[in-house]
Amino acid sequence: MAVDRSNNLASACTVPATIDIDAWRRRIKEDTFSHYHLAMGVALRRNGDGASAIERFRAAIAIIPGHALAYWNWVGILRDAGRAAEAEAVHREAIAANPHYQVEALHLEGKRLVEERDYLAAAERFREAIRNGWNVETVQRDLSDALRWHGVMVAGQGSDEKALPFLEEASQLNPTDETLVTLSDALLRLGRSDRAVGALRRALEGNPLLARAHYALGQQLNQQADSNPAPSMANAIAVDPAFSPPYDMLSQLSLRDGRLQNAVSHARHGVHLDGSNPMSHFHLGVALVASGRHEEAEAVNAELRNRVPKERYPVEQHIMIMIGKGDTHLALSALAPLLAATPNDPMALGCKGHSLFGLGRREEAETALRSAVAANPDSAWARLCLGWMLRRTGRAEEAATHFRRAVELRGRWVLYEARLCPWVAEDALAAYRELGVS
């Protein structure tokens, strides 16, 4: 009888006192040649050459008697050709050699289809194997993986809504960090944080040792006005102290709440844990700029630009450092290509307005900042920048309307955006204290 070598737990848990090297080499050779014949047979069957395919399947069976997939394909060719009597004879031969060949073959065929990225067809094979009671726990994990990858593929084609049923079933079958975070990301993009929070909390009740699920829960809670994501980040760190993204989030939370030194410390630790992650460098740069430590921020930003030279966000951060250092002419020069590419970008227009204002060109600054709001009425950043300029020029009442709208758009996170730039923070935070936002 053939052995399902991919799932032979007993042999995996038993370590012999001595290893038979010759037997080991023989097994590798058998597996290699049988797989070659099987792959050739599958290709020939797909191309309609059933007779040549059968010869390959026979060769695979000669190497590994009871080879489940070889028998399964051989029987399939005969049945497709209407040769029912021959198919039944081969089927009986297969059962004699391997009583479980049909369900074993369904599982292995599913794995082969996963390799070919035909995830839905693979899922159907896995479901049938489960219905027949074959190695249910292992096949269930494989089914979950197939559904998750199909969901990822569908989401990648621009339809998170269509991907949801596959991602939800995958996370129910096998609630791991991978399945839960993939589901959470899709729900986050769809703006359904309540649904994601419920799914993540249920999964974490069953298994609290999922660091990335704790982190995903924190991300979702961050979308809810009255929720605190910090405990979820702390839980993620407790489960996996080497996991860096929670430190980036803690840095942002600290910056929002005005704890600038904590913001720098958390971000710096994130870089220490994973220096290859560009976003860790970015958040450290953000915290340093907000703290007015522009020389340090410039060094971090140089490293970031070196790591992701084609990305736009490191250039924007560099421009903010220039403005903070008073290099407004350099900032305007660096902004020119960004605005040429995206004339209505609120970040670039906001920085342009700040630079022009700093040079005393107030009418041009106001034009830039008002155009940012006109083009991006739902941008809290554009509202903050215009509110800052209006407050600076004695128009506090009009400024307050923009500051209020920014709160409506971002909730307490408007304080994070206000603190991104020290030159905006003083006026914006004073306005928010007057408005009772803290």
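The values are calculated or read from the model by the stated rules, or taken from the named source; none is laboratory data. Worth saying up front: this structure is predicted, and the values here are computed from it rather than measured. Counting neighbours? That spans all protein chains shown, and the Cβs are built from the backbone with ideal geometry, glycine included.
Residues of the range 123-135 that are surrounded by fewer than 19 Cβ atoms within 10 Å (Cβ to Cβ) and either aliphatic (A, V, I, L, M) or assigned to a helix (DSSP H, G or I) (or both): Glu124, Arg127, Glu128, Arg131. Evaluating Ile63 against the criteria (1) surrounded by 14 or more Cβ atoms within 10 Å (Cβ to Cβ); (2) closer than 17 Å to Leu108 by Cα leaves one unmet condition, (2). Considering (1) at positive phi; (2) in a helix (DSSP H, G or I), the lone condition that Gly48 does not fulfil carries the number (2).
Table: residues versus (1) part of a helix (DSSP H, G or I); (2) in contact (Cβ under 8 Å) with a residue 12 or more places away in the chain.
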residue	(1), (2)
Ala406	yes, yes
Arg412	yes, yes
Ala428	yes, yes
Arg433	yes, no
Gly436	no, no
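Within the range 198-212, the set of residues being over 18 Å from Phe166 (Cα atoms) and of a type in the set (A, V, I, L, M, F, W, C) comprises Leu204, Leu209, Leu210, Ala211. Scanning the range 272-293 for residues that are surrounded by 22 or more Cβ atoms within 10 Å (Cβ to Cβ) and within 10 Å of Ser244 (Cα to Cα) gives a single hit, Ser280. Screening Arg256, Arg212 for residues that are over 23 Å from Ala170 (Cα atoms) and modelled with pLDDT under 95 leaves exactly one candidate, Arg256.
Please determine whether any residue of the range 136-152 is surrounded by fewer than 17 Cβ atoms within 10 Å (Cβ to Cβ), more than 26 Å from Thr32 (Cα to Cα), modelled with pLDDT of 90 or more and acidic (Asp, Glu). Within the range 136-152, not a single residue is surrounded by fewer than 17 Cβ atoms within 10 Å (Cβ to Cβ), more than 26 Å from Thr32 (Cα to Cα), modelled with pLDDT of 90 or more and acidic (Asp, Glu).
This table checks each residue for (1) under 20 Å from Asn135 (Cα atoms); (2) at pLDDT 85 or above; (3) of a type in the set (Phe, Trp, Tyr).
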position: Val42; (1), (2), (3): no, yes, no
position: Asp49; (1), (2), (3): no, yes, no
position: Ile61; (1), (2), (3): no, yes, no
position: Trp72; (1), (2), (3): yes, no, yes
position: Ala87; (1), (2), (3): no, yes, no
position: His100; (1), (2), (3): yes, no, no
position: Leu106; (1), (2), (3): yes, no, no
position: Leu113; (1), (2), (3): yes, yes, no
position: Tyr119; (1), (2), (3): yes, yes, yes
